[in-house]
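Where a number appears in this text, it was derived from the coordinates with a stated rule and is not lab data. As the structure is a computational prediction, the values presented were derived from the model and not from experiment. All Cβ positions, even for glycine, are placed from backbone atoms using ideal geometry, and neighbour counts span all protein chains on display.
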Amino acid sequence: MSKNRQVAIVGIGQSKHRGHRPDINQAELVREAVEDALQDSGLSLKDIDCIVHGDMELFEGIHQPDMWHTLGDGGFLKSGFRITTGGTTGATIACASDNLVASGYYDVVMAIGFEKQEEGHTTTGITNMADPLWMREIQTGAITGSTGLEWVNEFGERAEWAAAKLRVMAADNARRNPKAHLRLNLTEQDVMNSRLLAYPLRLLHMCPESNGACAVIFATGEKAKKFPQKPVWVWDHITMHREETFYRGGPRKDPLTQEVAARRLFAKTGIKNPLKEIGVFEMYDPSSWWLLDWLGNFLLLDRKTVLEMVEKNEFAIEGKFPVNPSGGVVSTNPIGATALIRVAEAGLQVRGDAGEHQVPRNIEVAMASGFGGTFWTVLMLLKKSLDGMKPVKVATPAKAAKPKPKAKAKSKKAKVKRGKPKMKVKIKVRKSKPARIKVKKGKAKAGRRK
Amino acid sequence: MSEQDKWCYEVPGKLEVPYRYFAGEFGSKFLVALRDQAKILGCKCPKCGKVFIPPRSNCEQCFVKITDWVEIGPKGKVVSFCVVRYKEPYLPVEPPFVMALIRLKGADSDLTHLLSEVDPAQVKIGMEVEPVFSDSRKASILDIKYFKPAV
């Protein structure tokens, strides 16, 4: 499938993500991100045609947050959608915004992801993941140690140190990102000493609950070229969900959703060597154990290779393949915004505007992922230039439809002819309603009986 | 019907909903003025000049920040109302009572609040009302105990 129109990201904004924001209400938090995005884009609200709003269902205790937030999101008298797909929400609104612009329905769409977690209760939102009727399968949020245990069973303590090293890397990156929530000064030993949640998952491996919002403006290629900000092109994206439950132990038979999603996206875009062709990866990492595990799935690497790359620090900002220069989800997690922040940060890296946590080389392609529920996966590829991207589809409906339909058209005409006398009969029926209707019913019934 | 005769079963839900709603720094100024000075404040958009109550730090129509406060009321007029006759645990007072939409003097938006000291049958749109403040105020919208017909 190809696009009707090219789409570019033309503005990126985020609030400062923090654990405690008593100074603002929800609409004010959203406004911080919207103002930041408008300022970044050099556009005004008049340029925005539509707002796509996303957050986690039941997390804040207000009904239809997209409407409450009109006070702060600039949605007054604009078209709008609310999208909520759990953890992937932020990535889904990015995909939806891309689709809305590519389709030609809107020229400029602003995606807004939001969560003010301290106002609500995560457990309230997530409790009903497990089926209260049947206690069906294993359903939790992102807190599970089962994948980590697989690694420990295979590599022993070496895997634990690798997960700890990735957590320290995230902290080091987050300290270079003024908008990150947790900007901790950690050692691997600190991680290993932190409270155990579910072996081998420890408190410091896990993402926090943050208050934050993110806004990303998508525009059609034609407009993007005229707008003040450097465009970041949306190359392609994929959404996939294959698992009904989390990994429960034992050997894995099928590849995880993430691997299948990556393989399909790479096939669609012609990427053969992701490590070489992608410059930076902003991954939705709910815990450092999953960062460790999913690197292999997304980048199509075996575990041993991933482990060695972690040990050689190759996923650091200055490393061979930078992952989560922003500090990732383990540093910042306003859930409805989290996956959109991945797209936003990937976009900043492509533009070269990430500031202190900018990867110190030219980024031609960046990848962003979203995670939710049981490995629900969204992957998006962003690109600096249009080179190598599929040309947009030029609509030629008349030519494409001609040859065969000629014959079909004749048969259609014939059908219409057959139909016409019936129409006439119907019209006659109307002239004397009661009698004829009875006749018609009678005929129909007789037909059925035969 | 006995449990044995049932043919469709269900299990009760167990959701806990401990939500908190933040007024923020801007909205809290309104609550503090209400608590400490028994004053009702409106906030004024620097662009369109509209005065809002309850407070909002952003004019959603002009999309500009609001920083100016003006004292409004305390008298106002009933714009619309309804009589609440059923009892629910979350209601602020015992029914029957009147909930009214009140346009305070100097405001461009309406405040929903209780209307009391009046027979519900006597409440009329356009009626002039004034606030009765609570004796022990706690920085909540119920620091205005209710509105009553203006003397």
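Label-to-label distance for B:LYS39 and B:VAL79 is 2.4 nm, based on points extended 7 Å past Cα in the beta-carbon direction. When the Gaussian network model of chain B links Cα atoms closer than 10 Å, the mean-square fluctuations of B:GLY24, B:GLY13, B:GLY49 top out at B:GLY13.
Looking at the P(r) of the range A:1-69, how many percent of alpha-carbon pairs lie beyond 16 Å? Percent of Cα pairs beyond 16 Å in the range A:1-69: 60. Between A:HIS20 and A:VAL392, what FRET efficiency comes out of the Förster formula 1/(1 + (r/R0)^6) with R0 = 35 Å and r the beta carbon distance, rounded to 0.05? That gives a FRET efficiency of 0.15. Over all orientations, chain B has a Cα convex hull whose mean projected area works out to 13.9 square nanometres.
Report the FRET efficiency, 1/(1 + (r/R0)^6), for B:LYS14 and A:PHE81, where r is their Cβ-Cβ distance and R0 is 41 Å, rounded to 0.05. That pair, B:LYS14 with A:PHE81, gives E of 0.80. Take each residue in B:55-62, count the other chain C-beta atoms within 10 Å of its C-beta, and the mean is 5.
Here chain A is assigned +1 on the Cβ of each Lys and Arg and -1 on the Cβ of each Asp and Glu. Its dipole about the Cα centre then comes out at about 7080 debye. Which of rounded, prolate or oblate describes the protein assembly as shown when judged by the alpha-carbon gyration tensor and an a/c cut-off of 1.5? Verdict is oblate for the protein assembly as shown. Against chain B, whose longest principal axis comes from its Cα atoms, helix B:24-37 is set at around 80 degrees. Of all the options A:ARG361, A:ARG18, A:ARG202, the one that moves most in a Gaussian network model of chain A with Cα springs shorter than 10 angstrom is A:ARG361.
Each Lys and Arg contributes +1 and each Asp and Glu -1, all at the Cβ; summed about the Cα centre of the range A:69-156, the dipole is approximately 280 debye.
Ranking A:SER146, B:PHE26, A:THR374 by Cα position along the charge dipole of the protein assembly as shown, where only Lys, Arg, Asp and Glu carry charges on their C-beta atoms, puts A:THR374 farthest toward the positive end. When the Cα positions of A:LEU196, A:VAL329, A:ASN128 are compared along the charge dipole of the protein assembly as shown, A:ASN128 comes out farthest toward the positive end, with charges on each C-beta of Lys, Arg, Asp and Glu. For the range B:21-149, the residue among B:ALA139, B:ILE66, B:HIS113 whose Cα projects farthest onto the positive side of the dipole built from Cβ charges is B:ILE66. The range A:52-69 and the range A:200-262 have Cα centres separated by 20 Å.
Taking A:SER331, A:SER44, A:SER15 as the candidate residues, the one with maximal mean-square fluctuation in a Gaussian network model of chain A, Cα springs under 10 Å, is A:SER44. Under 11 Å from a point placed 7 Å out from the Cα of A:ASN362 along the Cα-to-Cβ direction: which residues of the range A:370-391 have their backbone N that close? Residues passing the 11 Å test: A:385. The calculated FRET efficiency for A:ASN273 paired with A:TRP134, based on their beta-carbon distance and R0 = 41 Å, is about 0.35. Charged neighbours of B:ARG85, selected by a Cβ distance under 15 Å, balance to -2 (K, R count +1; D, E count -1).
Sites listed here are chymotrypsin sites (Phe, Trp or Tyr not before Pro) in the range B:2-61 whose DSSP assignment is loop and whose Cβ has at most 14 other Cβ atoms within 10 Å: B:TRP7, B:TYR9, B:TYR19, B:TYR21.
Considering only beta bridges that DSSP places wholly inside the range B:21-149, some 95 percent are antiparallel.
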